[in-house]
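Participant: Here it is, the structure, as structure tokens.
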Amino acid sequence: MKLFERVILRLGQDSDFIRFPTTMAGESVILLGYQTFFDFAETLRHLQAQSARIADTEWEVTPRLIQGLGEFLDNPDADMLVSLVLRGQLLIWFEARDRIISFTPTARILSRSIEAPITESVVRGSISAFVEDIDTNIGLIRKTAAAEDLRTHTYWTGADKQKQIVLIYRERCANPRLLEGIIQKLEENLGMNVQNLQNLSSMLGFNPWTGITKFNSTELPQEVERALQKGKVVLLLDRFPFALIVPSLLTDMFAVENDRNYPLVYTYLTRFLRVIGVLTNVIIPGLYVSLVSVNPDMLRIEIALTIARSRMDVPYPSLVETLLLLIILELIIEASIRLPKSIGPTLTMVGGIILGQAVVSAKLVSNILIIVLAATTISSSTVVGYHNSLTIRVFKYLILFLSAIFGLYGLVAGLVLICAYMASVTSFGIPYVHLMRPNGDANG
Amino acid sequence: MRMDKTGQVVAVYLISHIGIIFIFYPGQILESAESSHWLPITIGFCFYLVMIGIYLKGIRCFGGRSSIITILQERGKIVALAMLLPVAVYFTVVAIVTLRAYAEVIMSLFLTSTPIWAIMALLLGTAVYIAYLGLEAIFRTALLVVLLGVPIILFVLFSSFQNADWYYVFPLLDKGTMSFSFLGHTAFYKSMLVFSGGFLFLGFIQPALTYKPSKVIVACVCMLPILLLSVYIPVLTYGRSTAVLFNLPFLEAAETVEITWLMFDRVSMFFMICLISFIMLLLALIIWMIVQVLRMAARTPDWVPLLILAAIIYLVCLFIPDWLVLDRLLWWNVIPRIYSIIVLPVALLVMGYRYMKKRKVEAEQ
């Protein structure tokens, strides 16, 4: 058959591609597939056991048993067969009858097992996290959400339709305009290659230069459950151990689902703490610069003198001083992500010694600045989600520069500009500054 | 997604008034009357309440769900332009005066050595950027700014009673004031400036943002205590005869506050920076409204009239040398102002009644 040979021609040069002739139910068949996707010996044993039962039955009279093997492919074309093989299916070709069955083999385990989350630590609450395998993730969500109206749609994207994206929502809760918009965009752009979130965001038609991430990513199924309940929509990417929640909102910076495992008072107090953390991180460096270089009269005279004394030997303006140290701190954060866990502590120690003592005694920066920047860096990590912490880390530079020029007035202008920017961001008609509450929930 | 945005509307409403009240209002009221300042405040406020009531009622006659631009355009483009261009002129002058005056205040309080063109550039730039982002962004920004600013405002308001001497409240019933002598004083009419910028926006924002007029009226009533506070805090701190000498009586009163546990010396500055953020939003809103009126004349993308307008405002501000010119500009603007806050609402109400009558007749036929 020409068709089958075309498939072999396209994939045959791969070393892990197998073409295995055998007999099943007294007929000669050829098995095609990638042996790296499945456990070949186990699959073969399974097939033989099945075929022993089929042996006596008549093909056309009782096709049911044969159908039990897998899916009959009526009028397949080469592209379809190739894509089936690439997704891990085993093709069984009955030579004499010219029929093809797509068989789901015993899969090899190509993913981690379910583990605790790596980027979001949970103190009190469920700690199973998503893994690379998309089916496991869907299963985890189904298990956690336990809702009858949970709907999943699979989209095969890319030029040769090999990359899987799964859209998950709850029929009764999902915001209809949001859902419609996402489905429409996904269907329009099915041909795009989605290898990373930038690709995905251009697929959904988001501005690539946005300063605020449009996806809230999480490793935890309970976060997804809550988001679905609030009417948001979740996207899962194959081989991506995070669920992507659309839209990402301002409140996602401050709230995680696990806060609700404590008494309500502590839920609110923790969230309030995170708000303070974000404000501290954004405002404090700018406030330091404006108070030191532009508006020292704002300070109580004792503090003003203390700061002036500590800056006495520092040779450059406070903006340069702050920028210098801020950049070193950014470098430390970046380096500690890059480094393997075993070397990480060394970096912290070196960084601590350099910043804590040496820089001050070398009179390169004032020691008040060290305190200010330590507060800034610590508070940048109180925000929920690394993607959000990136946003506020960048915002603080706007305020820093405006404060250096205009003092407190610049600081306020910067804050208003940031507020305005956040207020102007919308995704699928839902503003970033918006509370999405689940139906019938009083304290959303 | 058309939702009730009363919260945002109330936030913008408060912002657009508070920003001006604490700077301009107390000086004028103190000048207009010797004592019993509550009377001119209440009279002015009642007049304002009536006007805002008429305005909202007028909009309501047309179904209450569309902006006055569409309402007037239905009666012909010429009518709409004739009725709204004076408002645009008025708003432009208000924007110029506000920008220039606040730049001056900022310069005298924070940045004595910074050139005023830079201060104005940042103030106007921020406002134009926000106006460019559009109506809904303005309102959402307002909500965020209110959340950040109101705690500070309340803190300063409460702490500024620190040096209050309650004997200054008396006499509550002063003969001079009770004879309504303040009505003959220009300062009383100047004080009305604080009411005039703020409420016209209620007619421009629908149907993008819908609100409940009754709640806006409630928010409006909340303004009375704010007005009283703005005047009485300086009076209680310094007494009328001293307070009237200051350019910015409220800020001078807040300057006297001494909080030992705070690392900052001047609490009033925090109050001031909140007011500045409010003013940025007010300017953005005013500029956005002018652009809406201008776009009626020529259909262009938003940014064209926006940039032209910003350039005009900025250039005019550069050529204003001092407060005296500013004051004169305020006086020249009095006719468009009277038109905007009295004639326009009344005309709208009259048109609204006629429209309702016509519809009733049509329904009967």
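Participant: Out of A:285, A:296, I need the residue that is surrounded by 14 or more Cβ atoms within 10 Å (Cβ to Cβ) and within 14 Å of chain B (Cβ to nearest Cβ). Which one? Give the derivation first.
Facilitator: Working: A:285 fails: within 14 Å of chain B (Cβ to nearest Cβ).
Just one listed residue meets the conditions, A:296.
Participant: Could you run through the range B:5-40 and say how many residues are open to solvent by 20 Å² or more (accessible area, probe 1.4 Å) and within 14 Å of chain A (Cβ to nearest Cβ)?
Facilitator: The number of residues fulfilling the criteria is 3.
Participant: Of the numbered conditions (1) over 24 Å from residue A:120 (Cβ atoms); (2) surrounded by fewer than 13 Cβ atoms within 10 Å (Cβ to Cβ); (3) among the hydrophobic types (A, V, I, L, M, F, W, C), residue A:365 fails exactly one; give the number of that condition.
Facilitator: In the conditions (1) over 24 Å from residue A:120 (Cβ atoms); (2) surrounded by fewer than 13 Cβ atoms within 10 Å (Cβ to Cβ); (3) among the hydrophobic types (A, V, I, L, M, F, W, C), residue A:365 misses (2) alone.
Participant: Where the second residue is in a helix (DSSP H, G or I) and surrounded by fewer than 17 Cβ atoms within 10 Å (Cβ to Cβ) and the first is assigned by TED's automatic domain parsing to the domain that holds residue A:383 and lies in the range A:271-288, which pairs have Cβ atoms under 7 Å and are six or more apart or on separate chains?
Facilitator: Sorted first by the residue in the range A:271-288, then by its partner, the pairs are A:280/A:375; A:284/A:375.
Participant: Continuing with this model, one more query. Please give the number of the condition residue B:46 fails out of (1) surrounded by fewer than 18 Cβ atoms within 10 Å (Cβ to Cβ); (2) in contact (Cβ under 8 Å) with a residue 12 or more places away in the chain; (3) part of a helix (DSSP H, G or I).
Facilitator: Only one criterion in (1) surrounded by fewer than 18 Cβ atoms within 10 Å (Cβ to Cβ); (2) in contact (Cβ under 8 Å) with a residue 12 or more places away in the chain; (3) part of a helix (DSSP H, G or I) is unmet by residue B:46, namely (2).
Participant: Take the residues in the range B:250-275 that are open to solvent by 20 Å² or more (accessible area, probe 1.4 Å) and not in a loop (DSSP other than H, G, I, E, B), then tell me which one is farthest from the other protein chains (Cβ to nearest Cβ).
Facilitator: Result: B:252.
Participant: Of everything in the range A:285-302, what is of a type in the set (A, V, I, L, M, F, W, C) and more than 45 Å from the chain's Cα centre (by Cα)? Give them in sequence order. Walk me through it before giving the result.
Facilitator: Let us first name the residues in the range A:285-302 that are of a type in the set (A, V, I, L, M, F, W, C), namely A:287, A:289, A:291-292, A:294, A:298-299, A:301.
Result: A:301, single match.
Participant: Tell me, which residue of the range B:204-249 that is of a type in the set (Ser, Thr, Tyr) and in contact with a Ser or Thr (Cβ under 7 Å, 6 or more places away or on another chain) is least open to solvent (accessible area, probe 1.4 Å)?
Facilitator: Step one: of the range B:204-249, the residues of a type in the set (Ser, Thr, Tyr) are B:210-211, B:214, B:230, B:232, B:237-238, B:241-242.
Remaining after also requiring in contact with a Ser or Thr (Cβ under 7 Å, 6 or more places away or on another chain): B:211, B:237.
Working: B:211: 8, B:237: 24 Å².
The qualifying residue least open to solvent (accessible area, probe 1.4 Å) is B:211.
Participant: Of the residues that sit in the range B:134-161 and are away from chain A (no Cβ under 14 Å) and surrounded by fewer than 15 Cβ atoms within 10 Å (Cβ to Cβ), which one is nearest to residue A:432 (Cα to Cα)?
Facilitator: My answer is B:154.
Participant: When you go through (1) open to solvent by 70 Å² or more (accessible area, probe 1.4 Å); (2) farther than 15 Å from residue B:37 by Cβ; (3) over 21 Å from the mean Cα position of the chain (by Cα) one by one for residue B:166, which number turns out not to apply?
Facilitator: Condition not satisfied by residue B:166: (2).
Participant: Still on this structure: Here is a check on your reading of the model: is residue A:314 away from chain B (no Cβ under 14 Å), among the β-branched types (Val, Ile, Thr) and either crowded, with 20+ Cβ neighbours inside 10 Å or in contact with a strand residue (DSSP E or B) (Cβ under 6 Å, 6 or more places away or on another chain) (or both)? Spell out the reasoning first.
Facilitator: On the way: away from chain B (no Cβ under 14 Å): yes; among the β-branched types (Val, Ile, Thr): yes; either crowded, with 20+ Cβ neighbours inside 10 Å or in contact with a strand residue (DSSP E or B) (Cβ under 6 Å, 6 or more places away or on another chain) (or both): no.
No.
Participant: If you take the residues in the range A:319-345 that are open to solvent by 60 Å² or more (accessible area, probe 1.4 Å) and not in a helix (DSSP H, G or I), which one is modelled with the highest pLDDT?
Facilitator: Among them, the one singled out is A:340.
Yes or no, residue by residue, for (1) modelled with pLDDT under 85; (2) part of a helix (DSSP H, G or I); (3) farther than 30 Å from residue B:260 by Cα:
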position: B:108; (1), (2), (3): no, yes, no
position: B:119; (1), (2), (3): no, yes, yes
position: B:123; (1), (2), (3): no, yes, yes
position: B:153; (1), (2), (3): no, yes, no
position: B:158; (1), (2), (3): no, yes, no
position: B:168; (1), (2), (3): yes, yes, no
position: B:189; (1), (2), (3): yes, yes, yes
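Participant: A further question follows. Between B:301, B:305, which is more than 14 Å from every other protein chain (Cβ to nearest Cβ), assigned to a helix (DSSP H, G or I) and either surrounded by 14 or more Cβ atoms within 10 Å (Cβ to Cβ) or out of contact with any Pro (no Cβ under 8 Å at 6 or more places or on another chain) (or both)? Talk me through it step by step, then tell me what you get.
Facilitator: Working: B:301 fails: assigned to a helix (DSSP H, G or I).
Of B:301, B:305, the one residue that is more than 14 Å from every other protein chain (Cβ to nearest Cβ), assigned to a helix (DSSP H, G or I) and either surrounded by 14 or more Cβ atoms within 10 Å (Cβ to Cβ) or out of contact with any Pro (no Cβ under 8 Å at 6 or more places or on another chain) (or both) is B:305.
Participant: If I filter the range A:397-418 down to residues being within 9 Å of residue A:282 (Cα to Cα) and surrounded by 24 or more Cβ atoms within 10 Å (Cβ to Cβ), which single residue comes out as nearest to the other protein chains (Cβ to nearest Cβ)?
Facilitator: Only one residue fits best here, namely A:415.
Condition check ((1) among the β-branched types (Val, Ile, Thr); (2) open to solvent by 50 Å² or more (accessible area, probe 1.4 Å); (3) outside any helix (DSSP H, G or I)) across all residues:
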site	(1), (2), (3)
A:172	no, yes, yes
A:195	no, yes, yes
A:198	no, yes, no
A:227	no, no, no
A:235	no, no, yes
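Participant: Ok, one more. Please verify whether residue B:174 is open to solvent by 30 Å² or more (accessible area, probe 1.4 Å), touching a Gly at 6+ places or on another chain (Cβ under 9 Å) and acidic (Asp, Glu), treating the condition exactly as stated.
Facilitator: Details: open to solvent by 30 Å² or more (accessible area, probe 1.4 Å): yes; touching a Gly at 6+ places or on another chain (Cβ under 9 Å): no; acidic (Asp, Glu): yes.
Considered against the rule, which asks whether it is open to solvent by 30 Å² or more (accessible area, probe 1.4 Å), touching a Gly at 6+ places or on another chain (Cβ under 9 Å) and acidic (Asp, Glu), residue B:174 comes out as no.
Participant: So, of the residues in the range B:131-141 that are modelled with pLDDT of 90 or more and among the small types (Gly, Ala, Ser), which turns out to be nearest to the chain's Cα centre (by Cα)?
Facilitator: Looking at residues that are modelled with pLDDT of 90 or more and among the small types (Gly, Ala, Ser), I get B:131.
Participant: Of all residues in the range B:114-128, how many are open to solvent by 30 Å² or more (accessible area, probe 1.4 Å) and at the interface with another protein chain (Cβ under 9 Å from one of its Cβ atoms)?
Facilitator: 1
Participant: For the list (1) surrounded by 21 or more Cβ atoms within 10 Å (Cβ to Cβ); (2) within 14 Å of chain A (Cβ to nearest Cβ), I need the number of the one condition that residue B:290 fails.
Facilitator: It is condition (2) that residue B:290 fails.
Participant: Next question, about the same structure. When you scan the range A:364-379, do you find a residue that is in contact with a Pro (Cβ under 9 Å, 6 or more places away or on another chain) and farther than 30 Å from residue B:123 by Cβ, even just one?
Facilitator: yes
Participant: Return the residues of the range A:308-318 that are part of a helix (DSSP H, G or I) and more than 43 Å from the chain's Cα centre (by Cα); say none if nothing qualifies. Spell out the reasoning first.
Facilitator: Of the range A:308-318, the ones part of a helix (DSSP H, G or I) are A:308-310, A:318.
Result: A:308, A:309, A:310.
Participant: Would you mind finding the one in B:101, B:131, B:80 that is open to solvent by less than 40 Å² (accessible area, probe 1.4 Å), touching a helix residue (DSSP H, G or I) at 6+ places or on another chain (Cβ under 9 Å), away from chain A (no Cβ under 11 Å) and closer than 21 Å to residue B:312 by Cβ? Break it down into steps so the answer makes sense when it comes.
Facilitator: Details: B:131 fails: away from chain A (no Cβ under 11 Å); B:80 fails: closer than 21 Å to residue B:312 by Cβ.
None of the others qualify; the one that does is B:101.
Participant: Let me confirm something: among A:218, A:306, which residue is surrounded by fewer than 22 Cβ atoms within 10 Å (Cβ to Cβ), among the polar types (S, T, N, Q) and more than 21 Å from residue A:423 (Cα to Cα)? Steps first, answer last, please.
Facilitator: Numbers: A:218 fails: surrounded by fewer than 22 Cβ atoms within 10 Å (Cβ to Cβ).
Being surrounded by fewer than 22 Cβ atoms within 10 Å (Cβ to Cβ), among the polar types (S, T, N, Q) and more than 21 Å from residue A:423 (Cα to Cα) holds for just one of A:218, A:306, which is A:306.
Participant: Follow-up. Please indicate, with yes or no, whether at least one residue in the range A:435-444 is touching a strand residue (DSSP E or B) at 6+ places or on another chain (Cβ under 9 Å), away from chain B (no Cβ under 14 Å) and within 24 Å of residue A:223 (Cβ to Cβ).
Facilitator: no
Participant: Does the range B:50-61 contain at least one residue that is in a helix (DSSP H, G or I), open to solvent by 20 Å² or more (accessible area, probe 1.4 Å) and touching a Ser or Thr at 6+ places or on another chain (Cβ under 7 Å)?
Facilitator: no
Participant: Any idea which of B:217, B:233 is modelled with pLDDT of 85 or more and under 20 Å from the mean Cα position of the chain (by Cα)? If you could, list the steps in order and put the result at the bottom.
Facilitator: On the way: B:233 fails: under 20 Å from the mean Cα position of the chain (by Cα).
The conditions single out B:217.
The values are calculated or read from the model by the stated rules, or taken from the named source; none is laboratory data. From a predicted model like this one, the values you see are computed outputs, not experimental measurements. Cβ: placed from backbone, ideal geometry, glycine included. Neighbour counts: every protein chain shown. Only protein heavy atoms, including side chains, enter the accessible area calculation; ligands, DNA and RNA are left aside. Shrake-Rupley method; radii C 1.70, N 1.55, O 1.52, S 1.80 Å.
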